[in-house]
Amino acid sequence: MAPARTDISSDKPRAAHTGDVYADNLDIDVLIVGAGFSGVYLLHRLRDELGLNTKIYEAATDLGGIWHWNCYPGARVDTPIPCYEFSLPALWKDWTWKEKYPSYKELREYFKHIDKVLEISKDTAFESRVVSAEWDNESYRWVVKTEDGRTARCKWLINALGFAAKRSFPDWKGMENFKGEIHHSSFWPQEGIDFKDKKVAVIGTGATGIQLSQEVGQMAASTTVFQRTPNLCLPMRQRKVTAEEQNNAKDTYPDYFKHRMTTFAGFPYDFSEKNTFDDTPEEREKFYQKLWDNGGFEYWLATYKDMLFDWDANDQAWQFWSKKTRERIKDPRKRDILAPTKAPHAWGTKRPSLEQNFYEVMDQPNNDVVDIKNNPVVEVKENGIVTEDGQLREFDIIVMATGFDSVTGGMKSMGLKDENGTDIKDKWADGTLTYMGMALAGYPNMFFLYGAQGPTAFSNGPSCVELQGEWIVDAIEKARKENITYLNAKEEDEEKWRLMIKELNDKTLFPYTNSWYMGANIPGKIREQLNWPGGFPSYEKETREVLDQGFRGFEIKSAA
């Protein structure tokens, strides 16, 4: 077998493409890196509404971002429609979905629809992985190089990489010796994998591991999940949706999309105004049950407002979750591993995954779960995986659902250097610093979105993209009108933003949990809150004040 793919570097020459977007020495107004939701939105706004010469560099062969790479069995979004789509009427007026929570296949079709309406591909260079981006102090432009040797120069650089751009892999001894198949979930073969009569190992129980396990566990001869920490999953309540019911609701879409931007996380619901102990135990049970029955993230993001701040309140949420989940698992050993009686961490301080039948599938006698926190993996042999107790479990296929160097990993992997030639890896070596989660001191005329210190992982993706994208578009338009040629965040304002995030985060229960929110999933990574924990309304207020006060927190140079 060929070794597992570990990065997005091309292992073959780029396919023949035509169009000026593939030209060497490209000289443009704006270059966007990434063609997922963020890149698509900004290309449309900057090109079609501001009239700027704007192009996208995309490492993949098609639009979609994470939905190009994620094609493993069960891959689907955890946000219901129509929340998980753009608010642009031109895109939703003639579009309908087939499921409440669309799969990657539907999302790929959605991006084709976007392309048909907005003509994104004509200004996108595919198979164009950025390996270097440096600011030129003489021309006040960014010089960007691709893996195959092309160069682009631009006045504005926008990194639209998303929060899951750099994959994470276990450092287990002997991985290279395995004779079967090994695949990372986000490097899944586009042609798929045949699991029939195969013994499969799934490494990890994040959202991807849950989705994979509940699908593969119904196809393979056996599926064994290697779990470090139980995922405190919520019921998805998936269902089919008809075109008729969606079309009948489209008169309400403008208000719906407007409302989602006023909630904490950009969802169509928000936290209750009540605290947990404002209700009697009977009232509380009834309220929990309603949220549980509704499914999705309501039990997480529409619950009592003190759930993520108060230990006793959080424990009430945990106890209900444990009761509802444990009653679904018949095998007592598996029950105690998947849904332990003692909370592994404060409930909701890790993003819960949405499942459809995960617990029932894992409860099947042909499937198993291994607690590698108490019985860690020590070696991979040519025919399987050995744990500390000396047991060798044999497999035909190993699936690494081991996640990402989330939020910060993408920008640290693109050769991004500041005006003094310092790589961002060095800037962030002792902790993450940004201004508003959209700009960096020393990186003039550069913005990013859906990344470090923005609402990002605490939000619905398209909502966050539109919130931050709107600010970036307005900032560039303001800079043009005022003849600003150099816009550079100040270091002291980066520090203020970091301290603001820390102050907000320290009021919650998040710091007590080792999660990828806190960077704790990557060995050696600084433990810190990587997202804005204050919600959409406060984030919009803080960032809008920056524009209203004449680019407060930025060093500015203007053309004569």
Over the range 31-67, the set of residues in contact with a Leu (Cβ under 7 Å, 6 or more places away or on another chain) and within 16 Å of Arg150 (Cα to Cα) is Leu31, Ile32, Val33, Lys55, Ile56, Tyr57
Of the residues in the range 219-246, those that are closer than 18 Å to Met400 by Cα, assigned to a loop (DSSP other than H, G, I, E, B) and not hydroxyl-bearing (Ser, Thr, Tyr) come to Met219, Ala220, Arg228, Pro230, Asn231
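Rundown of residues vs (1) within 21 Å of Thr146 (Cα to Cα); (2) touching a residue at least 24 places away in the same chain (Cβ under 8 Å), yes/no style:
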{"residue": "Asp426", "(1), (2)": "no, no"}
{"residue": "Gly431", "(1), (2)": "no, yes"}
{"residue": "Phe447", "(1), (2)": "yes, yes"}
{"residue": "Gly461", "(1), (2)": "no, yes"}
{"residue": "Val465", "(1), (2)": "no, yes"}
{"residue": "Gln468", "(1), (2)": "no, yes"}
{"residue": "Val473", "(1), (2)": "no, yes"}
Only one of (1) of a type outside the set (Ser, Thr, Tyr); (2) surrounded by fewer than 16 Cβ atoms within 10 Å (Cβ to Cβ); (3) assigned to a helix (DSSP H, G or I) does not apply to Glu215, and that is (2)
Can you find even one residue in the range 363-376 that is surrounded by fewer than 18 Cβ atoms within 10 Å (Cβ to Cβ), in contact with a Ser or Thr (Cβ under 8 Å, 6 or more places away or on another chain) and among the β-branched types (Val, Ile, Thr)? no
Practice item. Evaluate the following for Ile158: is it over 15 Å from Thr402 (Cα atoms) and part of a strand (DSSP E or B)? Key: yes
Per the filter on the range 193-210, residues at pLDDT 95 or above and not in a loop (DSSP other than H, G, I, E, B) are Lys199, Val200, Ala201, Val202, Ile210
Going through (1) in contact with a Pro (Cβ under 9 Å, 6 or more places away or on another chain); (2) part of a helix (DSSP H, G or I) one by one, Tyr486 fails only at (2)
Go through the residues of the range 124-131 one by one and say whether even a single one is over 16 Å from Val30 (Cα atoms) and in a strand (DSSP E or B). yes
Within the range 228-257, of all residues that are without any contact (Cβ under 8 Å) to a residue 40 or more places away in the chain and of a type in the set (D, E, K, R), the one farthest from Ala201 (Cα to Cα) is Asp251
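Residues checked against (1) modelled with pLDDT under 95; (2) under 19 Å from the mean Cα position of the chain (by Cα):
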site	(1), (2)
Asp405	yes, yes
Met414	yes, yes
Ala429	yes, no
Pro444	no, no
Phe448	no, yes
Ala452	yes, yes
Taking the range 270-316 and keeping only residues that are in a loop (DSSP other than H, G, I, E, B), of a type in the set (Phe, Trp, Tyr) and in contact with a Pro (Cβ under 8 Å, 6 or more places away or on another chain), one is left with Phe297
Open item on the list: Any residue at all in the range 532-543 that's surrounded by 13 or more Cβ atoms within 10 Å (Cβ to Cβ), more than 16 Å from Trp428 (Cα to Cα), among the polar types (S, T, N, Q) and touching a residue at least 40 places away in the same chain (Cβ under 8 Å)?
Closed with: yes
| message | For the structure I just gave you, tell me whether Lys342 is touching a residue at least 40 places away in the same chain (Cβ under 8 Å), not in a strand (DSSP E or B) and not polar (S, T, N, Q). | response | no
Residue check: is Glu466 within 28 Å of Pro537 (Cβ to Cβ), of a type in the set (Asp, Glu), surrounded by fewer than 20 Cβ atoms within 10 Å (Cβ to Cβ) and out of contact with any Gly (no Cβ under 6 Å at 6 or more places or on another chain)? no
Condition set part of a helix (DSSP H, G or I), surrounded by fewer than 24 Cβ atoms within 10 Å (Cβ to Cβ) and in contact with a strand residue (DSSP E or B) (Cβ under 8 Å, 6 or more places away or on another chain), scope the range 1-45, selection modelled with the lowest pLDDT: answer is Asp20
When Phe195 is run through (1) surrounded by fewer than 17 Cβ atoms within 10 Å (Cβ to Cβ); (2) farther than 30 Å from Tyr57 by Cβ; (3) touching a residue at least 24 places away in the same chain (Cβ under 8 Å), the failure sits at (1)
Picked from the range 329-350 (must be of a type in the set (D, E, K, R) and buried (at least 18 other Cβ atoms within 10 Å of the Cβ)), the residue modelled with the lowest pLDDT is Lys350
Every listed condition ((1) closer than 28 Å to Gln453 by Cα; (2) of a type in the set (Lys, Arg); (3) not assigned by TED's automatic domain parsing to the domain that holds Gly36) holds for Lys98 save (1)
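So is Asp171 outside any loop (DSSP other than H, G, I, E, B) and of a type in the set (Asp, Glu) or not?
no
For (1) at pLDDT 85 or above; (2) among the aromatic types (Phe, Trp, Tyr), each residue gets a yes or a no:
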site: Asp493; (1), (2): yes, no
site: Arg498; (1), (2): yes, no
site: Asp506; (1), (2): yes, no
site: Leu509; (1), (2): yes, no
site: Tyr512; (1), (2): yes, yes
site: Ala520; (1), (2): no, no
site: Pro523; (1), (2): no, no
site: Ile526; (1), (2): no, no
When restricted to Glu379, Glu360, Glu419, the only residue more than 20 Å from the chain's Cα centre (by Cα), surrounded by fewer than 20 Cβ atoms within 10 Å (Cβ to Cβ) and part of a loop (DSSP other than H, G, I, E, B) is Glu419
Per the list (1) more than 23 Å from the chain's Cα centre (by Cα); (2) more than 22 Å from Ser87 (Cα to Cα), residue check on Ala243 breaks on (2)
query = If you go through the range 210-232 one residue at a time, do you hit one that is under 16 Å from Phe358 (Cβ atoms) and touching a Cys at 6+ places or on another chain (Cβ under 9 Å)?
reply = yes
In the range 447-460, anything surrounded by fewer than 24 Cβ atoms within 10 Å (Cβ to Cβ) and either under 18 Å from Gly34 (Cα atoms) or touching a Leu at 6+ places or on another chain (Cβ under 8 Å) (or both) is listed as Thr456, Ala457
Residues of the range 102-152 being among the small types (Gly, Ala, Ser), closer than 20 Å to Met446 by Cβ and under 25 Å from the mean Cα position of the chain (by Cα), in sequence order, are Ala125, Ser128, Ser132, Ala133
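The values are calculated or read from the model by the stated rules, or taken from the named source; none is laboratory data. Computed from a prediction, not measured in an experiment: that's the story for all the values here. Ideal geometry is used to build each Cβ from the backbone, glycine not excepted, and the neighbour counts take in all protein chains shown.
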